[in-house]
1. Any residue at all in the stretch 367-383 that is over 24 Å from S290 (Cα atoms), buried (at least 17 other Cβ atoms within 10 Å of the Cβ) and of a type in the set (A, V, I, L, M, F, W, C)?
2. Pick out the one residue from K265, K272, K218 that is in contact with a Gly (Cβ under 6 Å, 6 or more places away or on another chain) and open to solvent by 20 Å² or more (accessible area, probe 1.4 Å).
3. With the requirement that a residue be open to solvent by 60 Å² or more (accessible area, probe 1.4 Å), assigned to a helix (DSSP H, G or I) and without any contact (Cβ under 8 Å) to a residue 60 or more places away in the chain, what does the stretch 242-256 give you?
4. Within the group A292, A259, A227, which residue is of a type in the set (G, A, S), modelled with pLDDT of 95 or more and more than 17 Å from E313 (Cβ to Cβ)?
5. Sort out which residues of the stretch 136-189 are open to solvent by 20 Å² or more (accessible area, probe 1.4 Å) and of a type in the set (F, W, Y), and write them in order of number.
6. Could you check, for the stretch 305-324, whether at least one of its residues is open to solvent by 60 Å² or more (accessible area, probe 1.4 Å) and touching a Lys or Arg at 6+ places or on another chain (Cβ under 9 Å)?
7. Of all residues in the stretch 356-411, which are charged (D, E, K, R), in contact (Cβ under 8 Å) with a residue 40 or more places away in the chain and within 19 Å of I326 (Cα to Cα)?
8. Could you please find all residues in the stretch 275-304 being within 18 Å of T258 (Cβ to Cβ), surrounded by 15 or more Cβ atoms within 10 Å (Cβ to Cβ) and among the small types (G, A, S)?
Amino acid sequence: MKGANSVSKMPGGKAMFILPKSLKASISTGSQKKPAEQSSFGAPLHYNKNQRWWMDEKRVNEPTSDEVSLLVSPSAPWFSQMDTLQKEESHVSANKFLLLVDQITSQLEKQYEKEVEAYNKRLASLGGNSDQKWLNSVIQSGTWSDRVAALTLRIQESPFHNLRALDILIEMASKKDPRVAMMAIEALRDLLVNNILPDQPLLNLSQQPLLHSKMTMKNGLLMWYEAALKSRVVKVIQCIESCLQSNVSHFRLQALETAQDLISKKPEQESKLLEMIVNKTGDTEGKVNSKAFEMLNRLLHTHPAMKVVLIKEVRNFIYRPTTKLITIFRAINFLTNLKHRPNESDSVLQLAECYLSLFEKALSAKEEGSRLLASLLSGLNRLFPLLDDVSSLFQYLDPIFKLIHTSPSWNTVTQALTLIANCVLYEGDKGNVAAKTDASQEQLTKRYYRALYSTLLTDQVG
């Protein structure tokens, strides 16, 4: 009779142990079982603590076949197929995480190539092989306009699976020939606005929750594509900026329209686009700088919340040493025409500080200084009812009084008198340092009326 662990003979005389069924069952249900894997690409894979979802070598290295289903569907926007995952607390150090990102990127690049290959085979199986061959021939040997049209059509079919076609279109947009470049840029604008970009800024791969417990290969691919797309949008913006430097004003105007359309409809690279539009307010050609100011007004109408950001960008442009006085004058006129609400204290304070910081420059300027002073005083008069603290104005009262007696511009004199009248009528409980005592208030009032009567007696009053 055989024991619990019986021995039998194998061919060749070798011994083989036969385990009882009960022992087999205990081993199969014990703690040494292997991590379970899901057969679906989109399902999370569970590994031990030394492995992650991106290390699924079987998925990455298996040969592509016609039966392989696509992880990312061509019929839906790529960003709508990504699961919303919040970052989880991780004990991985920053340096180790960056090394991990490089490893993940390498694996996802392999998987993306397989995904594109499966997509192309799927097109061929659906009878689109002849259409693809025709598109390829047009892209390689057609006219510039035909190439742009063919590339646009291919990208529209599935932006995710046609990253290479997008690269070709970006290469065309970087051509030195402005006609070809603008043709490609306009196609890229339509694709980015209508087919490719989501309604929120794109993220790099290092900003994604790559170590989330519910991460999948599908999410990883979409996150990789998002990072790849972000770098390509930067190249598109560089192409637009290059066209803004064209010697032909027609192409500069076209590039301005493209920049305004992108910043109005999508949030990606909006700070760079805004800087580009503001820079063109200093263009040497009148119709170009006027168009830039018009676009800034349109942008504020579409996105009122961008007012503080826009004011800050215009201020930075004004403060540049190379900015001409006539350009500063136009920019101040633009700022003074902005409408403000009582609750917009941030934008009002920024503007008041900007106007006051330019007083010295306007006073020392000879040619455009008088016009700039009038514009600055007009802006301060408009902001005065909205300011919580006007104490900083009182350090400029002496030069403002001097303007009333010396300025040849009646507009400047009128604006100066208006500003001083506002200061005279200003109530001391709002923080006016100069009006804390009755004596200083009385002295300011007398000085104002002397200046007013002196102005009324001049020949300028008709």
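1. yes
2. Only one candidate passes the filter, namely K218.
3. First, the residues of the stretch 242-256 that are open to solvent by 60 Å² or more (accessible area, probe 1.4 Å): 242, 245, 247-248, 250.
If we keep only those that are assigned to a helix (DSSP H, G or I) too, we end up with 242, 250.
Of everything in the stretch 242-256, just one residue is open to solvent by 60 Å² or more (accessible area, probe 1.4 Å), assigned to a helix (DSSP H, G or I) and without any contact (Cβ under 8 Å) to a residue 60 or more places away in the chain, namely H250.
4. A227
5. W144
6. no
7. Listed by number, the residues that qualify are E367, E368, R371.
8. The answer is A292, and nothing else.
The values are calculated or read from the model by the stated rules, or taken from the named source; none is laboratory data. If you're wondering where the values come from, they're calculated on a predicted model, not measured in any experiment. In this analysis, Cβ positions are derived from the backbone assuming ideal geometry, glycine residues included, and neighbour counts consider all displayed protein chains. Please note that ligands, DNA and RNA were not included when accessible areas were found on the heavy atoms of the full protein model with its side chains. Shrake-Rupley method; radii C 1.70, N 1.55, O 1.52, S 1.80 Å.
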